[in-house]
Amino acid sequence: MHDETKSRADILQSVRQYNPGPVEMPSLNREWIAYADRVQQFSDTLQFVGGTCVPVPDLAAVRAYLQNFEPYTAAKFVYSLLPDVIESTRDIAAISDPHDLEAIDLALVPGDFAVAENGAVWVTDRDLKHQRAALFLAQHLTLVVRRDELLDNMHQAYQRLQFEGVGFGTFLSGPSKTADIEQSLVIGAHGPRSLIVFLVG
Amino acid sequence: MATKHAGAAALFVKNDERAHWHDQALWFVRVKRDRAAQSLPEWETLRETASAIKAHTMSRLGDYLEEFERNAQKLGAHVHWAKDAAEHNEIVLRILQSHGVKKVVKSKSMLTEECHLNPYLERHGMEVVDTDLGERIVQLLKQPPSHIVLPAIHIRKEEIGDLFHEHLHTEAGASDPKYLAEAARQHLREKFMQADAGITGVNFAIAETGGFVVCTNEGNADLGVSLPKLHIACMGIEKFLPKAEHLGVFLRLLARSATGQPVTTYSSHFHGPAPGGELHIVLVDNGRSAILGSDEFRRSLNCIRCGACMNTCPVYRRSGGHSYHATVPGPIGSILSPARDAKKYADLPQACSLCGSCTDVCPVKIDLHHQLLAWRGEIGRRGLLPMSKKLPMLGLAFLLKRPWLYSLAGRVGRWFMPLVPRFLLYNPLNAWGRQRELPKPPRHSFRELYARRNQKPR
Ligand code: SF4
């Protein structure tokens, strides 16, 4: 068994032998890409990566949309963190083992904000807690983001982000996918087979 | 006598149809990368910024390592240090054993490939399942990945159909990617549900916050660590960024360079263990600090493993990843591998036409073809050149150092070459003439023409 304290000291010493003096850090403070029509850009990009953007005026419209959405109407296990929009089919607060989330057919989860340049939505486990697996186990995932929380680019995103109390957060762009078999795109690798982002407002 | 790479490449191109298919498949990815890069007016600024951030980070890497450790520990993670592959494997095994782990799911990590973690854990009685579809395919085939982003890029769908028929009991003769991917999804879902621990690689670690980011398209890393309670993240010590805001630059570059996507489907940020879980981060040197000390090759540590240099490389595309007999193939692999073992990988810097295409696409602006050239010199100086390269080089050096001999040889050649029978010119000793015709020698050399021109009255 090796001595980890010694390895640590050795690595740090070895790394510090390269000591070129101060090397300036570039500034990120400049004009990055911005879009005249952010919603259009977000919607086009999300479509490009296999997802769907649905702009709606309010949460009631989200509910109305889902009531005509087959993966929801046919779902046996609905997981919803927005009970005002749709109800979960089980008492999800009582689920202590994430393995019990395996059969989720459709999940509805709020996102903090979205990014136009790459169709990503920032989703954290603030409300999911030990159930973050729900994001990846659900056959179909639907996200709700406020329209005024749509940013142009990733630099703005990181200006907004803070990680205090956020153990897990992910930029989620489209449904899960793979192209590992002869570069043919297949949607629905391990995670959701479809993704809808409702832009509300 | 061909070098190791040239020998393996010759085998690869023997199957003409497959070689062309491979070439085209990768070129297709390169074209997608171009489109994505061109969609951003600030692309070049991003590359320059990324390169400068890395230069700064490397200048203070020791401080950032310590800052990361402090912050990660504050968040409740355990941080481990491993000097080499053996220490890394030992640490991972000990953590797994102390939790009584039998089954592990692993997402893509070139570092664990480099350390040969899988066979090590298997020898200790554990089941290790690679969950990235491409990696699962090569794992079932008992092969190493042939590409760092597209591990199974060298395999045809019919072969995957046969493989899945054998292991996953899909229908015989099936080759529809959708059908096969669905079968893999079901198979791997089961593995996820049964796993006692999840191992991931790390794309970027953030000193300022003590967190790290893992990027996938399949969601396999996330699934693998959100079901079991134990998460082990393995990373090289070069993966650091000082601040979270720097991720903005790197996440914008990574997927666009890799596959032409605007960003990977999941860019997941882990800060501390999951509620009720345990997180271990293993920091691995394994030769990296030595590269950091080298002025010539330091910048190769800036690599973010996007694979763009492979997709664009005319040699890689036509020789396949396995011909590099190294964990990381292609241009960047031909720089990193000799740094680890110059003798074993002496042939790799030669497997390059110095066209510079890799340097043009690299998102962090590594001067790849310069470093490949520098490695050639280094390998020559250390006396590690293979005979097939050494002899002609010696001959050429002798000739070029003697102008009189050079001009004599030229004259003799121009007179002699058209007269000699083919078999004297095109024989096994002339590797250059194997697929090529020699040009017709001109009647007069440049020097002769130049001398005559000067004699002419103006
Ligand atoms: S060297 Fe550059 S182009 Fe090649 S994999 Fe690394 S980051 Fe990508």
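Within region B:219-256, track down each residue that is assigned to a helix (DSSP H, G or I), more than 14 Å from the ligand (Cβ to nearest atom) and not aliphatic (A, V, I, L, M).
B:N220, B:D222, B:G224, B:S226, B:H246, B:G248
Of everything in region B:308-328, what is in a loop (DSSP other than H, G, I, E, B) and within 10 Å of the ligand (Cβ to nearest atom)? Give them in sequence order.
Passing the criteria: B:C313, B:V328.
Rundown of residues vs (1) of a type in the set (A, V, I, L, M, F, W, C); (2) surrounded by fewer than 20 Cβ atoms within 10 Å (Cβ to Cβ); (3) within 10 Å of chain B (Cβ to nearest Cβ); (4) over 15 Å from the mean Cα position of the chain (by Cα), yes/no style:
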| position | (1), (2), (3), (4) |
| --- | --- |
| A:C53 | yes, no, no, no |
| A:A64 | yes, yes, no, yes |
| A:F77 | yes, yes, no, yes |
| A:A93 | yes, yes, no, yes |
| A:T142 | no, no, no, no |
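Quick check on region B:335-388: of everything there that is away from the ligand (no atom under 14 Å from the Cβ) and basic (K, R), which residue is nearest to the other protein chains (Cβ to nearest Cβ)?
Among them, the one singled out is B:R340.
Quick check: anything in region B:43-51 within 18 Å of B:H147 (Cβ to Cβ) and free of Cβ contacts under 8 Å to residues at least 60 places away in the same chain?
No, there is no match, as no residue in region B:43-51 is within 18 Å of B:H147 (Cβ to Cβ) and free of Cβ contacts under 8 Å to residues at least 60 places away in the same chain.
Scan region A:173-182 and give yes if some residue there is touching a Pro at 6+ places or on another chain (Cβ under 8 Å) and of a type in the set (D, E), otherwise no.
For region A:173-182, residues touching a Pro at 6+ places or on another chain (Cβ under 8 Å) and of a type in the set (D, E): present.
One line per residue, one yes/no per condition, for (1) of a type in the set (A, V, I, L, M, F, W, C); (2) at pLDDT 95 or above:
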site: B:P329; (1), (2): no, yes
site: B:H370; (1), (2): no, yes
site: B:G395; (1), (2): no, no
site: B:L399; (1), (2): yes, no
site: B:P421; (1), (2): no, no
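Quick one: which residue in B:G287, B:G277 is more than 24 Å from the chain's Cα centre (by Cα) and away from the ligand (no atom under 16 Å from the Cβ)?
B:G277
For region B:71-89, which residues satisfy the criterion of being surrounded by fewer than 17 Cβ atoms within 10 Å (Cβ to Cβ) and free of Cβ contacts under 8 Å to residues at least 40 places away in the same chain?
Listed by number, the list holds a single entry, B:A86.
When region B:277-299 is examined, which residues are found to be facing chain A (nearest Cβ under 7 Å), at pLDDT 95 or above and assigned to a loop (DSSP other than H, G, I, E, B)?
Across region B:277-299, the qualifying residue is only B:D285.
Do any residues in region A:86-106 that are closer than 20 Å to B:D196 by Cα have Cβ atoms under 9 Å from those of residues that are basic (K, R), where the two are at least six apart or on different chains, and which pairs are they?
A:P98/A:R132; A:D100/A:R90; A:E102/B:R189; A:A103/A:K76
Name the residues in region B:310-359 that are among the charged types (D, E, K, R) and within 25 Å of B:G293 (Cα to Cα), would you?
B:R340, B:D341, B:K343, B:K344, B:D347
Taking the condition away from the ligand (no atom under 13 Å from the Cβ) and either under 27 Å from B:H246 (Cα atoms) or outside any loop (DSSP other than H, G, I, E, B) (or both), does B:R305 pass?
Against the criterion (away from the ligand (no atom under 13 Å from the Cβ) and either under 27 Å from B:H246 (Cα atoms) or outside any loop (DSSP other than H, G, I, E, B) (or both)), B:R305 does not qualify.
Tell me which residues, restricted to region A:7-47, are among the basic types (K, R) and out of contact with any Phe, Trp or Tyr (no Cβ under 9 Å at 6 or more places or on another chain).
A:R16, A:R30, A:R38
Scan region A:107-136 for residues that are without any contact (Cβ under 8 Å) to a residue 40 or more places away in the chain, within 11 Å of another protein chain (Cβ to nearest Cβ) and closer than 14 Å to A:L195 by Cα and jot them down.
Residues satisfying the conditions do not exist here.
Is there a residue being within 28 Å of B:G293 (Cα to Cα), hydrophobic (A, V, I, L, M, F, W, C), more than 9 Å from chain A (Cβ to nearest Cβ) and in contact with a His (Cβ under 8 Å, 6 or more places away or on another chain) anywhere in region B:60-78?
no
So B:V202 passes all but one of these: (1) within 10 Å of chain A (Cβ to nearest Cβ); (2) touching a Cys at 6+ places or on another chain (Cβ under 9 Å). Which condition number does it fail?
Looking at each condition in turn, B:V202 falls short on (1).
All but one of (1) within 16 Å of the ligand (Cβ to nearest atom); (2) surrounded by 24 or more Cβ atoms within 10 Å (Cβ to Cβ) hold for B:T259; state the number of the condition that does not hold.
With (1) within 16 Å of the ligand (Cβ to nearest atom); (2) surrounded by 24 or more Cβ atoms within 10 Å (Cβ to Cβ) applied to B:T259, the lone miss is (2).
Considering every residue within region A:49-66, establish whether at least one is out of contact with any Ser or Thr (no Cβ under 9 Å at 6 or more places or on another chain) and assigned to a loop (DSSP other than H, G, I, E, B).
yes
The values are calculated or read from the model by the stated rules, or taken from the named source; none is laboratory data. This one's a predicted model, so the numbers in the text were calculated from it and none came from an experiment. Neighbour counts are summed over all protein chains in view; Cβ atoms, including those assigned to glycine, are modelled from backbone coordinates with ideal geometry.
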